[in-house]
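Notes follow the structure.
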Amino acid sequence: MDAMRETARELVASGKGILAADESSGTIEKRFDQIGVGSTEDTRRAYRQLLFTTPGLEEHISGVILFDETIRQSTDDGIRFTEVLEKTGVIPGIKVDTGAKPLALFEGETVTEGLDGLRERLDEYRELGARFAKWRATYFIGDGRPTDLAVLANGHAMARYAALCQEAEIVPIVEPETLMDGEHDLAACEEATGRALDGLYAQLRDHRVDLAGTLLKVNMVVPGKGASTQADDAAIAEATLRTLRTHVPGEVPGIVFLSGGMTDEQATSRLNEINRLEDAPWEISFSYGRALQQRPLTVWGGDAANSSAAQEALAHRARMNGLARDGGWSQDLEGSAA
């Protein structure tokens, strides 16, 4: 367990966070569509090579979450992506769930699948270089959701996943995401997020998971995208930290936020605001996908000639979030964006 605990701490080191580059083939196709690039194995590999070979990436990125296809891929020179990352001190990770599917007889709710064959897949991923993994569950708010059964089903699945990860000596990141879809207010998000966390940690304890060898990836507490009243960063930070203090055990070494439907700068500003509040028992950092990648993806546009500029854009966003992770970001610093 000591090695996993150390890896978990490394992933939330001061000034650093996690790059989520684990988009499924369907998700990355949608993002490529937005920039007019066809999603093929070659274009996906080229884009991820751009990300992983960004000069100085390791200064503010501690780990990268990969997809099954990506963890098997190599650079133009034939060097595995996992090896490229490891050489710079960035820890390779892997998404292992197979997605959220409709929860039978519970309309509008989901349960995440992927437990079948997971023990064997984890063994293979470990051999390929993965030292941590991620499993995401989703919860909708409204019309009685999330139900107790949805909380129980997803918490149980995540706990089984986490136990299998630790058996394979891989750090599990558990990701209960309360979605921004809907018209709910800040208080409704706080309540639903708290319930999801309570259900998750009850299951993790029942499954004998060592919490000190895990990380939590979770949403910030925010109103729904369709809410008539939105909240400022200060209110979001206070509600988020209050929720975490109430529902997340102190043994957990770190919490990393997902960016969800937030803009790049919203994700950075709100992370900064949370870290400016009073001390918390855990390290608080980021595990962003779109909030790190959207600008580099747009700059790249599928043209290799734009690779350096795209890498500069990624390095900038990583640096901004690295500063926010320690409460040291300010809007003035965004002027140096690529």
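Observations on the structure shown:
- Screening residue 182 on (1) small (Gly, Ala, Ser); (2) at positive phi; (3) modelled with pLDDT of 95 or more shows it passes everything except condition (3).
- Residue in the stretch 141-153 that is touching a residue at least 12 places away in the same chain (Cβ under 8 Å), in contact with a strand residue (DSSP E or B) (Cβ under 9 Å, 6 or more places away or on another chain), under 23 Å from residue 286 (Cα atoms) and not small (Gly, Ala, Ser) present: no
- Output for the stretch 67-96, where each listed residue is in contact with a helix residue (DSSP H, G or I) (Cβ under 7 Å, 6 or more places away or on another chain) and crowded, with 17+ Cβ neighbours inside 10 Å: 70, 71, 73, 81, 82, 84, 85, 90, 91, 92, 94, 96
- When the stretch 25-50 is filtered for residues that are under 16 Å from the mean Cα position of the chain (by Cα) and either farther than 22 Å from residue 303 by Cα or of a type outside the set (S, T, N, Q) (or both), only 28 remains.
- Hey, residue 197 closer than 30 Å to residue 3 by Cβ, within 21 Å of the chain's Cα centre (by Cα) and surrounded by 21 or more Cβ atoms within 10 Å (Cβ to Cβ) or not: yes
- The residue that is surrounded by the most Cβ atoms within 10 Å (Cβ to Cβ), among those in the stretch 161-185 that are among the small types (Gly, Ala, Ser) and either under 19 Å from the mean Cα position of the chain (by Cα) or not in a loop (DSSP other than H, G, I, E, B) (or both), is 162.
- Taken together, 274, 255 contain a single residue that is aliphatic (A, V, I, L, M) and assigned to a strand (DSSP E or B), which is 255.
- Here residue 135 clears all of (1) under 19 Å from residue 117 (Cα atoms); (2) touching an Asp or Glu at 6+ places or on another chain (Cβ under 9 Å); (3) in a helix (DSSP H, G or I) except the condition numbered (3).
- Some residue of the stretch 253-276 being farther than 30 Å from residue 38 by Cα and surrounded by fewer than 19 Cβ atoms within 10 Å (Cβ to Cβ): yes
- Residue list for the stretch 285-308, restricted to those being crowded, with 16+ Cβ neighbours inside 10 Å, free of Cβ contacts under 8 Å to residues at least 60 places away in the same chain and aliphatic (A, V, I, L, M): 291, 299
- Scanning the stretch 238-259 for residues that are small (Gly, Ala, Ser), closer than 27 Å to residue 205 by Cβ and touching a helix residue (DSSP H, G or I) at 6+ places or on another chain (Cβ under 8 Å) turns up 239, 254.
- Candidates 335, 322, 328 - the one that is over 25 Å from residue 175 (Cα atoms), in a helix (DSSP H, G or I) and small (Gly, Ala, Ser): 335
- Which numbered condition residue 236 misses (of (1) crowded, with 23+ Cβ neighbours inside 10 Å; (2) assigned to a helix (DSSP H, G or I); (3) touching a Phe, Trp or Tyr at 6+ places or on another chain (Cβ under 6 Å)): (3)
The values are calculated or read from the model by the stated rules, or taken from the named source; none is laboratory data. Worth saying up front: this structure is predicted, and the values here are computed from it rather than measured. When we count neighbours, we look across all protein chains shown, and the Cβ atoms used for this are built from the backbone with ideal geometry, even at glycine.
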